[in-house]
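Beneath this line is the structure, given in structure tokens, with notes to follow.
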Amino acid sequence: MFTSYGQAVDWIHSRLRLGIKPGLRRMEWMLERLEHPERKLKTIHIGGTNGKGSTVTFLSSILQAAGYHVGTFTSPYFEHFNERISINGKAASDEEIVQLVNVIKPLADELESTELGGPTEFEVITAMSMYYFAHIQPSDVVIYEVGLGGRFDSTNVIHPLLSIITSIGMDHTSILGDTIEEIAFEKAGIIKNGVSIISGVRQPEALSVIKERAEAIKAPLYQLGKDFTVDSALPLQKGTRFDFQSLFGSYGKLELRMMGEHQAANASLAVMAAQILSSYYSFLIEEQDIRDGLNNAYWPGRFEVLSESPLVVIDGAHNEEGIEALAKEVESRYRDKHKEILFGALKDKKLDGMIAKLDSLSDDIVFTSFDFPRAAGAEELFDISQSLNKRVEEDWKSFLEQAITNRNQKDLLLITGSLYFLSEAKPFIKELLDKK
């Protein structure tokens, strides 16, 4: 039995040694011994390559505005581990994490001695969340974000009220496959018999895979661009405005605090979900709840402006599609500014495509590394870049100290490449800005 939070979290992270082990049998084994807490929950399942966390945030915020008690399970965490398991935006307490680990650890130890082998870190945290929402902090509805893929993801033991696939892109190709169709097949694994599926996927080849799966198991499909639309997306000084239309109703001039046309698309998935919950599951959600929920929604590290003067922006884009959306937003908002980019990334990403896009976007690009097992080396990133204005800064803290202190008011400093990197960099940057 653990008595301290530090011990409990260290034990969870020790499961990283088991890596990623696709499959649901270990989850099913643990949940059976916990008397199936997942069956006590009303859930919504959100998968996709990019936009999952933002869509979770938009939908959770809408439901909270309507008066519901909303659980969320997300990954990775941004600043504090406990964020992964939250109720109405409030993370589980340290004491609750210790309590959960003391429930799950005996099962993990027992499972280790079976032919299935021990559960991974993600499986442990997923099981913890299900016990938490069923027994410690019961909620009206819980929104589960897929960790990786979908078909064999630990979260795929739930039977949700509805599912959402936000987007399909080339990420985690060593596990999910190296074509859009293969990745779409894995993501489509969260579609359940007769359960409505909302799709923000745009590529025809990915969409055909999702359609085929939905038709085969009679899951009603609601498709962005066909069954509901985002129109007149407009950047605001501190957010985004758009119009929404669907067969259930239309809303003009919806406003987000989050920036980017891609965030309007993510928000539209949440609005569509709210309409389905209202129409088919007796959720009481008014138009004003949707407006308030979208306007209140905040998700850190997504085109987040930490300072206007000097202009410092962080963005967690960590694959080609994410970098593309980021570049589009930067060009739209800051076309005339000198753009300096600090880039740190994981080595298992498609780095050449990401860096090529940033080479085109930046006036100066700086490569670094950070304290994480899978972080790419700064020199490795530097060698991939074709920019004429590139350099390596191994000590990113010293670089940021200089860059922020000596920033010209007409310059943009953009930090991107990995949410893991941003989780270290953001608190440090805020500290620097507070001193100015």
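Worth a mention:
- For residue 338, residues with placed amide H under 5 Å, excluding near neighbours: 412
- In sequence order, region 370-375 has phi-based couplings of 8, 7, 7, x, 9, 5 Hz under the Karplus curve 6.51 cos²θ - 1.76 cosθ + 1.60, θ = phi - 60°, and Gly or Pro positions carry x.
- Taking Cβ atoms as reference points and 13 Å as the exclusive limit, the residues near residue 338 contribute a net charge of 0, counting Lys and Arg as +1 and Asp and Glu as -1.
- Packing-based ranking, highest mean first, of 209-215, 356-362 given that Cβ atoms within 10 Å are counted: 356-362, 209-215
- Here the dipole of region 304-435 is about 240 debye; that uses its Cα centre as origin and unit charges on the Cβ of Lys and Arg (positive) and Asp and Glu (negative).
- Calculated [θ] (222 nm, deg cm²/dmol) that DSSP helices of n ≥ 4 give over the chain, each run adding -39,500 (n - 2.57): -12500 deg cm²/dmol
- Most positive-pole-ward Cα, 288, 305, 276, against dipole of region 248-371 from beta carbon charges: 276
- Shape class of the chain from the alpha-carbon gyration tensor: oblate, with a/c at 1.5 or above and b/c at least as large as a/b.
- 12 Å beta-carbon shell around residue 409, net charge (K/R +1, D/E -1): +1
- Of the GluC sites (Glu not before Pro) found in region 68-158, those that fall in a DSSP loop while having at most 11 other beta-carbon atoms within 10 Å are 115.
- Whole-Hz couplings from phi, Karplus 6.51/-1.76/1.60, listed for region 140-153; x for Gly and Pro: 6, 7, 10, 9, 9, 8, 4, x, 8, x, x, 4, 10, 6
- Shape category assigned to region 267-425 from the gyration tensor of Cα positions, a/c cut at 1.5: prolate
- Amide H contacts of residue 375: 347, each under 5 Å away and 5 or more positions distant or on a separate chain (H built 1.01 Å from N in the peptide plane; Pro and chain starts excluded).
- Within straight-line reach of residue 390, meaning a Cα separation under 15 Å, sit the following aspartates and glutamates at least 8 residues removed in sequence or on another chain: 340, 352, 359, 363, 364, 379, 380.
- Close Lys pairs in region 115-271 (alpha-carbon distance under 28 Å; sequence gap of 8 or more, or different chains): 10.
- Take every pair of alpha-carbon atoms less than 8 Å apart whose residues are at least six positions apart; their mean separation over the length of the chain yields a relative contact order of 15 percent.
- Shape call, region 76-140: gyration tensor on alpha carbons, a/c limit 1.5: prolate
- For region 378-384, the Karplus equation 6.51 cos²θ - 1.76 cosθ + 1.60, evaluated at θ = phi - 60°, returns couplings of 4, 5, 4, 5, 4, 5, 6 Hz by residue, with Gly and Pro reported as x.
- Largest GNM mean-square fluctuation among 316, 149, 118, using the chain with Cα springs under 10 Å: 118.
- Charge context of residue 246, other residues only, Cβ under 12 angstrom, K/R +1, D/E -1: -2
- Over 24 Å (Cα to Cα) - which of 337/430; 349/435; 339/397 fall in this group: 349/435
- Close amide H partners of residue 233, meaning residues 5 or more places away or on another chain with modelled amide H under 5 Å apart, are 243.
- Of all lysines in the structure, the ones whose alpha carbon falls short of 19 Å from that of residue 105, not counting any fewer than 8 places away in one chain, are 21.
- Charged-residue dipole, Cβ positions (Lys, Arg, Asp, Glu), the chain about Cα centre, Debye nearest 20: 740 debye
FYI, it's all coordinate maths here, none of it is from the lab. Predicted model, so just to flag it, every value in this text is computed and none were measured. Note: ideal-geometry Cβ built from the backbone for every residue, glycine included; neighbour counts use all protein chains shown.
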